[in-house]
Amino acid sequence: MIAEANAPVRPKYTKKELVADHPTWCPGCGDFSILSIYFKMMEKRQIPHESITSIAGIGCSSRFPYFVNAHGAHFLHGRGVPFATGVSLIRPDLHVFMFGGDGDAFSIGGNHLNHAARKNIKMTYVIMDNFVYGLTKKQTSPTSPLGFKSKTDPWGAIDQPINPMKQLIAGGATFIARSHSHLPNHVMEMFEAAMDHDGFSVIEVLSECTEFYPGAFDAANPRKGGVFTLVPKDHDVTDEVAAYKLAMESFPGTFGVYYKVSRPTKNALEANLIREAKSKANNASPAELLQKTFDRFA
Amino acid sequence: MIENPTGSSVAPNGVNAALAKKNIQDVVIRFAGNSQDGIQSIGGFLARLGGRTEKDVMTYMTIPATISGGPSIFQVRLGTGDVLSAGDDVDILVAFYQHSFNDHINSLRDGGVLLYDSDNVQPDPNQKRYRAVGIPITSMTVEAIGGTAKDKGKNMFVLGLVARMFDLDVPKLETMLQGYYKGKNEDVIRSVLGAFHAGYGYDVGKVADTFQFTPAIAKSETKKVVTDGNQAIAYGALVAGVRFGAGYPITPWSSIMEILRVELPKYGGIFVQTEDELAAIAMACGGSYAGYLSLTGTSGPGISLKSEAIGWAIMAEMPVVIIDVSRGGPSTGLPTNVEQSDLNICVYGSHGDAPRIVLAPASVEDCFYTTIEAVNLAREYSCPAFVVSDQALATRVETWDMPDFAKLCQNIDPKLEPRGPNYKPYENTADGIARHAPPGTRMLDGKYPIVTGLEHDESGHPASRPANHVMMTTKRRRKLQVLAAKLPKAQVFGPPEGNVLLVGWGSTEGPIREAVERARAAGESVSSLHLRYISPLQPGIEEIFDGFNHVFVVEINDEGLYGLGQLAMLLRARFADKKIRGINKTDGLPFKVREILAGMNEKLKTPVQ
Ligand SMILES: Cc1ncc(C[n+]2csc(CCOP(=O)(O)OP(=O)(O)O)c2C)c(N)n1
Ligand code: SF4
Ligand SMILES: [Mg+2]
């Protein structure tokens with residue numbers, strides 16, 4: 001494994017150098033503001049340019065890596081998380097960011113989310129939740145509220161939606177936050193907190209699909225007459241039951257960090273196994289190790 | 001059993017022949033009992049002993065799909081010459097239970113010996129076909145090591161019995177037993193040795209023939225190892241430098257991931273047990289993307305799940321090694337039986353035009369070297385590479401030459417030196433091979449690459465222009481044509497011209513070669529060709545086909561709607577040659593030499609049309 005490298009001394013980069021293709025999103029799409037906050041955060045943090053890694057599944061939101069001029073991968077619908085897990089485990093020197101939509105995260109990739117959460121894989125996962133399937137043009141998503149009229153439920157959605165916060169708490173994620181793309185300062189604050197967390201950090205960002213679900217999040221947008229309520233100041237982020245209680249509030253609920261605990265990451269636990277195994281084997285070379293094993297087969 | 005013609009001149013081993021000590025070159029023993037009796041460990045010790053002396057071994061093992069007991073067998077062929085197959089018929093059948101006797105008595109050859117546990121088995125008293133020897137195995141074991149050992153220790157008793165019967169090297173066996181049980185408590189070791197000695201002490205020569213192996217015909221001095229096919233694959237991956245992998249348990253693949261999980265940390269690597277096969281291949285793609293060529297593997301059902309991501313790796317030109325230890329299908333099928341019915345999914349599985357590398361090892365030793373080659377080809381051609389093994393190879397134990405690790409061990413860790421300017425991951429070069437810059441690589445011109453499953457231009461940007469898709473589809477195929485031209489030429493076993501060419505792939509090499517030898521000894525004109533490179537095919541095949549009147553593709557899979565098995569279909573499509581026909585079977589068992597010859601003679605009755 002490549003060890004965490006010291007950042008080489010070099011001139012600071014600006015947001016301009018991080019901009020790649022012009023996003024193909026529809027005008028007004030909430031994902032734009034998440035992208036520009038990502039740029040802003042990188043610019044502020046000055047992570048070595050080559051160490052930024054943006055990984056995504058499939059969906060409008062998952063197009064994200066193309067718009068960032070940094071290393072990235074566009075994988076399969078729902079499978080971005082295990083892909084990013086592979087990168088994270090073998091390359092502790094990289095900052096692994098994972099981007100995707102609600103369908104990607106909670107429907108086709110739902111099982112992976114639970115397992116990355118319980119294993120506490122070090123990465124930051126930004127779920128851009130628009131309550132609809134954007135890329136495939138307006139089908140019901142697992143977070144579509146009851147009654148939402150889509151092409152697959154023209155009479156209004158009849159299936160109970162997933163509650164992302166409850167799901168993530170139950171899954172065992174160690175950092176769980178909720179934000180809203182129309183409030184960039186809040187998104188930035190959540191991004192930074194997530195990035196600084198040593199473990200599986202997830203932010204659900206409500207990100208409006210202006211094309212297929214306009215106004216979905218107005219109720220929490222002060223500029224549209226809504227109320228943006230922060231998680232109460234006295235909320236104990238290490239209290240799982242308190243986090244559930246926040247998650248149970250009716251839409252639009254509260255925004256901020258719901259849950260944050262410290263638990264060893266799989267990255268650290270695997271590194272421990274390696275250290276122990278190597279020292280037990282007296283740091284033998286591969287050829288020596290193999291010879292010893294095969295002498296037993298002889 | 002091959003009796004040595006220069007050996008002692010006693011009557012042929014018939015039912016009424018006098019008891020004697022006979023010289024033999026080769027013997028096939030089948031142990032039939034339940035899985036909890038430790039049948040496998042008797043076979044394992046004999047195989048290992050064979051490997052440590054001048055005997056060659058090949059084993060054949062079936063295990064029940066349900067682990068908590070149930071019928072289980074282990075067949076071992078010990079010989080002083082080259083052992084090619086596990087043997088058609090059994091010389092000695094050891095039956096622990098009535099059901100073992102009922103199910104396996106037909107595998108015993110005429111004149112063979114049935115050793116049965118007279119505490120549990122009632123053979124037919126009137127038969128004259130074989131010699132039945134009853135020994136109270138259960139009660140004698142209990143007597144030797146105490147009452148609590150009712151179900152345990154019988155295997156060791158039988159091992160002792162066999163050691164006596166075949167004049168095996170007892171000190172060596174004892175050392176092996178002690179080594180194997182090292183670390184267990186004293187009582188266990190005492191029971192093991194107690195049961196073994198009780199078996200050895202039983203004067204089997206009074207009730208059955210005993211045997212002695214004639215010395216081997218000058219064998220190489222190379223040190224030998226004894227492993228099964230799955231061990232060979234796992235250690236092959238470690239030798240090749242694989243340091244990251246991911247998988248989900250499924251029989252018969254699991255033991256590969258168990259070995260890698262335990263071994264990799266010593267090598268500074270990680271093997272992840274994932275939530276499913278979709279995650280396993282996704283993680284392997286991620287590991288390879290991160291610069292460490294990664295391995296995943298599974299058996300049939302898991303390959304079905306991995307198919308979408310295999311297409312991603314082909315499109316993104318990401319190297320990844322995929323092991324398929326195939327079993328009977330479709331669906332859950334026959335989890336613990338052999339079948340070669342995954343060739344199509346390995347060669348074609350995934351939507352779209354998705355060419356990839358597919359290799360098929362032919363023996364346990366070949367499992368080791370094929371895995372190393374798959375790693376190297378995947379990296380060199382930036383493409384997924386399959387190793388298609390099967391249940392028979394996975395559980396087969398063979399003796400092979402100790403590898404030269406100092407020479408073979410590779411370091412394939414990523415280098416991450418800065419790239420560019422003007423670096424393009426998917427540049428349309430003459431060889432068509434993508435050259436990735438893993439994350440962490442500084443791009444000198446400040447332009448960073450994205451790897452993707454969308455059709456893309458040379459820089460990796462999504463591009464759906466018609467001419468671009470034509471160019472890139474061609475590029476992904478062209479690199480494998482470049483590889484095909486560099487592969488070693490196909491080699492015939494036997495004369496390069498003749499009447500019949502038997503073509504095989506994978507675990508059937510041994511029995512096919514033995515079939516060729518038997519047919520040639522009987523004056524027939526038969527040769528064989530074993531294909532290790534399934535995709536792309538190696539050069540020289542057509543010229544070889546030209547030298548024969550008939551080409552029969554021997555496969556453990558169905559002859560399909562058009563009378564052609566999976567490889568036969570591929571070869572027909574490739575060479576459009578009507579003389580290519582199939583010899584197929586689907587009973588979930590390895591090919592017997594006799595079955596191959598019968599299939600050949602049957603096919604020869606109908607002319608090529
Ligand atoms: C295996 C597979 N099934 C279906 C699709 C089609 N598909 C692409 S994106 C998508 C849903 C996208 O919704 P979401 O994840 O919420 O992302 P959004 O577009 O809303 O950002 C679907 C069904 C696919 N690409 N792959
Ligand atoms: S369809 Fe919706 S989610 Fe997709 S880009 Fe347009 S606005 Fe954004
Ligand atoms: Mg969506």
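The values are calculated or read from the model by the stated rules, or taken from the named source; none is laboratory data. Everything quoted here is computed from the prediction, not taken from an experiment. When we count neighbours, we look across all protein chains shown, and the Cβ atoms used for this are built from the backbone with ideal geometry, even at glycine. For the accessible areas, the whole protein counts, side chains as well, though only heavy atoms, and no ligand, DNA or RNA atoms are used. Shrake-Rupley method; radii C 1.70, N 1.55, O 1.52, S 1.80 Å.
When B:Gly268, B:Gly205 are screened for being surrounded by fewer than 24 Cβ atoms within 10 Å (Cβ to Cβ) and facing another protein chain (nearest Cβ under 9 Å), only B:Gly268 passes.
In the stretch A:142-181, the qualifying residues are those that are of a type in the set (S, T, N, Q) and more than 15 Å from ligand 2 (Cβ to nearest atom), and the one that is farthest from the other protein chains (Cβ to nearest Cβ) is A:Ser179. The sole residue among B:Val325, B:Val272 that is under 23 Å from B:Leu393 (Cα atoms) and in contact with a helix residue (DSSP H, G or I) (Cβ under 7 Å, 6 or more places away or on another chain) is B:Val325. Just to verify a result, which residue in the stretch A:118-141, among those that are within 11 Å of chain B (Cβ to nearest Cβ) and touching a residue at least 60 places away in the same chain (Cβ under 8 Å), is nearest to ligand 3 (Cβ to nearest atom)? Only one residue tops the list, namely A:Met123.
Total residues in the stretch A:196-223 satisfying the condition of being away from ligand 2 (no atom under 16 Å from the Cβ) and among the charged types (D, E, K, R): the figure is 3. Considering the stretch A:154-272, the qualifying helices (runs of 4 or more DSSP H), each wholly inside and each with 1 or more residues that are touching a residue at least 12 places away in the same chain (Cβ under 8 Å) and within 15 Å of A:Val126 (Cβ to Cβ), run over A:164-171, A:184-196. Within the stretch A:37-78, being under 24 Å from B:Ile310 (Cβ atoms), more than 16 Å from ligand 2 (Cβ to nearest atom) and aliphatic (A, V, I, L, M) holds for A:Ile55, A:Ala73, A:Leu76.
Would a scan of the stretch B:180-191 turn up a residue that is over 26 Å from B:Gly506 (Cα atoms), crowded, with 16+ Cβ neighbours inside 10 Å and modelled with pLDDT of 90 or more? Checking the stretch B:180-191: not a single residue is over 26 Å from B:Gly506 (Cα atoms), crowded, with 16+ Cβ neighbours inside 10 Å and modelled with pLDDT of 90 or more.
Which ones in the stretch A:205-220 are of a type in the set (Phe, Trp, Tyr) and either near ligand 1 (Cβ under 10 Å from one of its atoms) or farther than 15 Å from A:Phe32 by Cβ (or both)? Selection gives A:Phe212, A:Tyr213.
Against the numbered list (1) within 16 Å of ligand 2 (Cβ to nearest atom); (2) of a type in the set (D, E, K, R); (3) buried (at least 24 other Cβ atoms within 10 Å of the Cβ), A:Lys137 comes up short only at (3). Within the stretch B:289-304, the set of residues being closer than 20 Å to B:Ile412 by Cα and either facing another protein chain (nearest Cβ under 8 Å) or surrounded by fewer than 24 Cβ atoms within 10 Å (Cβ to Cβ) (or both) comprises B:Tyr289, B:Ala290, B:Gly291, B:Tyr292, B:Ser294. Going by the conditions given, is A:Phe175 more than 16 Å from ligand 3 (Cβ to nearest atom), of a type in the set (Phe, Trp, Tyr) and surrounded by fewer than 20 Cβ atoms within 10 Å (Cβ to Cβ)? The answer is no for A:Phe175.
Residues of the stretch B:26-62 that are in a strand (DSSP E or B) and either charged (D, E, K, R) or modelled with pLDDT of 80 or more (or both): B:Asp26, B:Val27, B:Val28, B:Ile29, B:Arg30, B:Phe31, B:Ala32, B:Gly33, B:Asn34, B:Asp56. Against the condition under 23 Å from B:Leu454 (Cα atoms), within 14 Å of another protein chain (Cβ to nearest Cβ), open to solvent by less than 20 Å² (accessible area, probe 1.4 Å) and not charged (D, E, K, R), how does B:Tyr426 come out, does it pass? Against the criterion (under 23 Å from B:Leu454 (Cα atoms), within 14 Å of another protein chain (Cβ to nearest Cβ), open to solvent by less than 20 Å² (accessible area, probe 1.4 Å) and not charged (D, E, K, R)), B:Tyr426 qualifies. Kindly evaluate A:Val68 against the criterion of being out of contact with any Cys (no Cβ under 9 Å at 6 or more places or on another chain), away from ligand 3 (no atom under 11 Å from the Cβ) and more than 13 Å from chain B (Cβ to nearest Cβ). No. Identification of strands (runs of 3 or more DSSP E) wholly contained in the stretch B:532-593 with 2 or more residues that are open to solvent by 20 Å² or more (accessible area, probe 1.4 Å) yields B:548-555, B:580-584. Give the stretch B:100-158 a look and list any residue that's part of a loop (DSSP other than H, G, I, E, B), touching a residue at least 60 places away in the same chain (Cβ under 8 Å) and hydroxyl-bearing (Ser, Thr, Tyr), or say none. Scanning the stretch B:100-158 gives a single hit, B:Tyr130. Just so you know, in the stretch A:99-134 the residues that are under 20 Å from A:His186 (Cβ atoms) and more than 14 Å from the chain's Cα centre (by Cα) include one that is nearest to ligand 2 (Cβ to nearest atom), and it is A:Asn130. Here B:Val325 fits the description: over 25 Å from A:His71 (Cα atoms), of a type in the set (Val, Ile, Thr) and not in a helix (DSSP H, G or I).
Scanning the stretch A:22-61 for residues that are more than 10 Å from chain B (Cβ to nearest Cβ), more than 15 Å from ligand 1 (Cβ to nearest atom) and of a type in the set (A, V, I, L, M, F, W, C) gives A:Ile37, A:Phe39, A:Met41, A:Met42, A:Ile47. Which one is modelled with the lowest pLDDT among residues in the stretch B:136-165 that are farther than 13 Å from B:Tyr200 by Cβ and among the hydroxyl-bearing types (Ser, Thr, Tyr)? Once the filter is applied, the top-ranked residue is B:Thr148.
For every residue, the table says whether it meets (1) over 21 Å from B:Ala360 (Cα atoms); (2) open to solvent by less than 10 Å² (accessible area, probe 1.4 Å).
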{"residue": "B:Tyr200", "(1), (2)": "yes, no"}
{"residue": "B:Phe211", "(1), (2)": "yes, yes"}
{"residue": "B:Asn230", "(1), (2)": "no, yes"}
{"residue": "B:Val242", "(1), (2)": "no, yes"}
{"residue": "B:Pro249", "(1), (2)": "yes, no"}
{"residue": "B:Trp253", "(1), (2)": "no, yes"}
{"residue": "B:Leu260", "(1), (2)": "no, yes"}
{"residue": "B:Val272", "(1), (2)": "yes, yes"}
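Looking only at the stretch B:307-323, how many residues end up being touching a residue at least 40 places away in the same chain (Cβ under 8 Å), open to solvent by less than 10 Å² (accessible area, probe 1.4 Å) and within 11 Å of chain A (Cβ to nearest Cβ)? The total comes to 6.
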